[in-house]
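> I have a structure here, written as structure tokens, and I will follow up with some questions on it.
Bear in mind these aren't lab numbers, they're just calculated from the coordinates by the rules spelled out. Here the structure is a predicted model, which is why all the values come from computation and not from measurement. Cβ placement follows ideal geometry from the backbone for every residue including glycine, while neighbour counts extend to all protein chains displayed.
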Amino acid sequence: MRRLAAIVALNDAGVIGRAGALPWHIPEDLKHFRRVTMGHAILMGRRTHDSIGKALPGRRNLVLSRSEAPIAQGAERVADDALPMVIGGAEIYRLAMPQVTELFLTEVHRQVEGDAHFPEFDRHDFEERSRRPAETETDVEFVHLVRRRS
Ligand SMILES: NC(=O)c1ccc[n+]([C@@H]2O[C@H](COP(=O)([O-])OP(=O)(O)OC[C@H]3O[C@@H](n4cnc5c(N)ncnc54)[C@H](OP(=O)(O)O)[C@@H]3O)[C@@H](O)[C@H]2O)c1
């Protein structure tokens, strides 16, 4: 099977975003994101690209868009969706999840209001390969899931 990974930070209710941004500020998660995605092609929706505001260095930045919305210098607009590392947001996770074979979850055990959610998925379809608590936050865990072969 072709490998396709997604990386997401979500709370226990699946909230991933609010008003076009992240609903929290967790520097250790940003470092984790940088480490896990570095050197990979990253695929994101145009609104997530807008919220980042630039092309992330050291990675091929692929931005899914149907519009002519401007894209930052160094990023590439794509119309295809079958690419290596999906970094959101909600619409793009929904699009990619059926093909995703690996998930890097940051579980944020915090109650937050949100208007963007990660799609529901069956945890039993995935095997938990690792889980480690954040060092700088008491309510955050980094989890690596790999889809079970059916
Ligand atoms: N917690 C996390 O890990 C995480 C990660 C990423 C994002 N987020 C959050 O998620 C939220 C953004 O998510 P969102 O659902 O609003 O937007 P999004 O998924 O980032 O982007 C949606 C845009 O992608 C383009 N698009 C969607 N489907 C397409 C297709 N089939 N073909 C071509 N282009 C397509 C469209 O762009 P055009 O309008 O240009 O056509 C659409 O407006 C923000 O709050 C962000 O902070 C959280």
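> With the convex hull built on the Cα atoms of the chain, state its orientation-averaged projected area in nm².
Average projection, Cα convex hull of the chain: 8.8 nm².
> How big is the antiparallel share of DSSP beta bridges in the chain, given as a percent to the nearest 5? Walk me through the numbers before you get to the answer.
Numbers: 17 of 37 bridges.
Looking only at bridges with both residues in the chain, the antiparallel portion is about 45 percent.
> Provide PHE121, PHE104 in ascending order of the number of other Cβ atoms located within 10 Å of each residue's Cβ, fewest first.
Taking fewest neighbouring Cβ atoms as first place, the list is PHE121, PHE104.
> Would you look at the GNM of the chain, springs on alpha carbons closer than 10 Å, and say which of ASP122, ASP12, ASP50 moves the most?
ASP122
> May I ask you to compute the full-extension gain from ARG110 to HIS25, defined as 0.36 nm times their residue separation minus their alpha-carbon distance, rounded to one decimal in nm?
Values: separation 85, 0.36 × 85 = 30.60 nm, distance 1.20 nm.
Gain on extension, ARG110 to HIS25, equals 29.4 nm.
> Quick one: if the Förster radius is 30 Å, what FRET efficiency do THR138 and GLN99 give, using the C-beta to C-beta distance and rounding to 0.05?
Values: r = 34 Å, r/R0 = 1.14.
The pair THR138/GLN99 has a calculated efficiency of 0.30.
> Okay, moving on. Calculate, for ASP125 and ASP50, the FRET efficiency according to 1/(1 + (r/R0)^6) with r their C-beta to C-beta distance and R0 22 Å; round to the nearest 0.05.
So, using R0 = 22 Å, E works out to roughly 0.10.
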